[in-house]
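These notes concern the structure reproduced below.
The values are calculated or read from the model by the stated rules, or taken from the named source; none is laboratory data. On a predicted model such as this, the values are computed, not experimentally measured, just so you know. We place every Cβ from the backbone using ideal geometry, glycine too, and count neighbours over all the protein chains shown.
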Amino acid sequence: MKNKTVREISRFLDPYRITDGRKFRLKDHDPGDTAGLDSEDKPEAKRMLASGVERMAELQERLYASDEWGLLLVFQAMDAAGKDGTIKHVLSGVNPQGCQVHSFKQPSPEELDHDFLWRTQRAAPERGRIGIFNRSYYEEVLVVRVHPQILAGQHLPPRLVGKKVWDQRLEDIAGYERYLARNGFAILKFFLNVSKKEQKRRFLERLDAPEKHWKFSTSDVRERAHWKGYMQAYEEAIRGTASEHAPWFVVPADQKWFTRLVVAAAIVETLEGLDLAFPKVPDSKREELALARAALEKE
Ligand code: ATP
Ligand code: MG
């Protein structure tokens, strides 16, 4: 029997979950979708998010205590799609000791001297933990694909860089994720699907508000010129790497409150599916506990 919270929120997942990418088309996904909820339902959505966050905290404690499974959450999106806010709101109730957040920026010279999975694997979560990747190895088939000069700067032996390089990278990523899954790491990948129009609105909002200027970068605006290229790259990435053990969630991101609800639902559903239990205490330990109680009570 599924937990009540999960039953309540998992209906927001099916339309956005991709486990087989072969027929995936980005244009079938509306960034403004809210699964029939409108702004009047916002308080209800917030309540569901809060109960999802609460349940997540309980499950995370079990994840940590049982120390077998790990969870990797990958967040990918265009700028201003709400990665930071989603991570902040959705994981707000989780014990910080059980979480590891990593943001991946342009690679350093040291990172470029390694294979492209090196830096993310070093940051991969331990068993019992939730690892959050704010951007990830997927940048290697997104920004690098959109800007071929980045690939040219990766010191790869030229004979290895042919027309198939992107398919090969996707194949390697899919293989890597299968490897992680077989080692006991559940993987969820979120593409926060914001529309070009909403991104413009959010950029303008940042420009209007002095306290948001720090978040604004002119290069983000330049990347808008490559929107189509990015969308193609995302589509190919999702097509090539969606699987049962590492599904993609194409999360509508024009309404932040809805984005958060979907992401929370996916995490709760996944943790719930791991059947996490607190470790059973052996009889010898139980005796020890009884002795400790007796000693404390005698004080
Ligand atoms: P925010 O803007 O909210 O702080 P961000 O993730 O956009 O977060 P930035 O420092 O603005 O952080 O951007 C990081 C940049 O690094 C992005 O443009 C991203 O595409 C780029 N990047 C990440 N990984 C790679 C990579 N492997 N190769 C090249 N560029 C990368
Ligand atoms: Mg940025």
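The table below gives the values:
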item: Which numbered condition Glu110 fails, given (1) touching a Gly at 6+ places or on another chain (Cβ under 9 Å); (2) over 30 Å from Arg62 (Cβ atoms); result: (1)
item: Considering residues of segment 256-270 that are buried (at least 24 other Cβ atoms within 10 Å of the Cβ) and either free of Cβ contacts under 8 Å to residues at least 12 places away in the same chain or within 19 Å of Gly128 (Cβ to Cβ) (or both) only, the residue farthest from the chain's Cα centre (by Cα); result: Val268
item: Selection from segment 51-94 of residues that are surrounded by fewer than 23 Cβ atoms within 10 Å (Cβ to Cβ), within 11 Å of ligand 1 (Cβ to nearest atom) and within 18 Å of Glu269 (Cα to Cα); result: Ile87
item: Pairs where the first residue, in segment 225-244, is part of a helix (DSSP H, G or I) and modelled with pLDDT of 95 or more and the second is surrounded by 15 or more Cβ atoms within 10 Å (Cβ to Cβ) and not hydrophobic (A, V, I, L, M, F, W, C), C-beta under 7 Å, 6+ apart; result: Ala233/Arg145; Ala237/Tyr138; Ile238/Gly21; Arg239/Gly21; Gly240/Gly21; Thr241/Gly21; Thr241/Glu177
item: Close pairs from segment 80-97: first closer than 14 Å to Leu192 by Cα, partner among the acidic types (Asp, Glu) and near ligand 1 (Cβ under 10 Å from one of its atoms), Cβ under 6 Å, at least 6 apart; result: none
item: Residue in segment 172-180 that is in a loop (DSSP other than H, G, I, E, B) and under 19 Å from the mean Cα position of the chain (by Cα) present; result: no
item: Hits in segment 1-38 - residues which are β-branched (Val, Ile, Thr) and in a loop (DSSP other than H, G, I, E, B); result: Thr19, Thr34
item: Every residue from segment 39-90 that is part of a helix (DSSP H, G or I) and aromatic (Phe, Trp, Tyr); result: Tyr64
item: Tally, over segment 176-215, of residues that are among the hydroxyl-bearing types (Ser, Thr, Tyr) and either more than 15 Å from ligand 1 (Cβ to nearest atom) or surrounded by fewer than 14 Cβ atoms within 10 Å (Cβ to Cβ) (or both); result: 2
item: Residue that is touching a helix residue (DSSP H, G or I) at 6+ places or on another chain (Cβ under 8 Å), within 16 Å of ligand 1 (Cβ to nearest atom) and β-branched (Val, Ile, Thr), where the choices are Thr218, Thr259; result: Thr259
item: Scope segment 91-122; condition outside any strand (DSSP E or B) and within 14 Å of the chain's Cα centre (by Cα); matching residues; result: Leu91, Phe104, Thr120
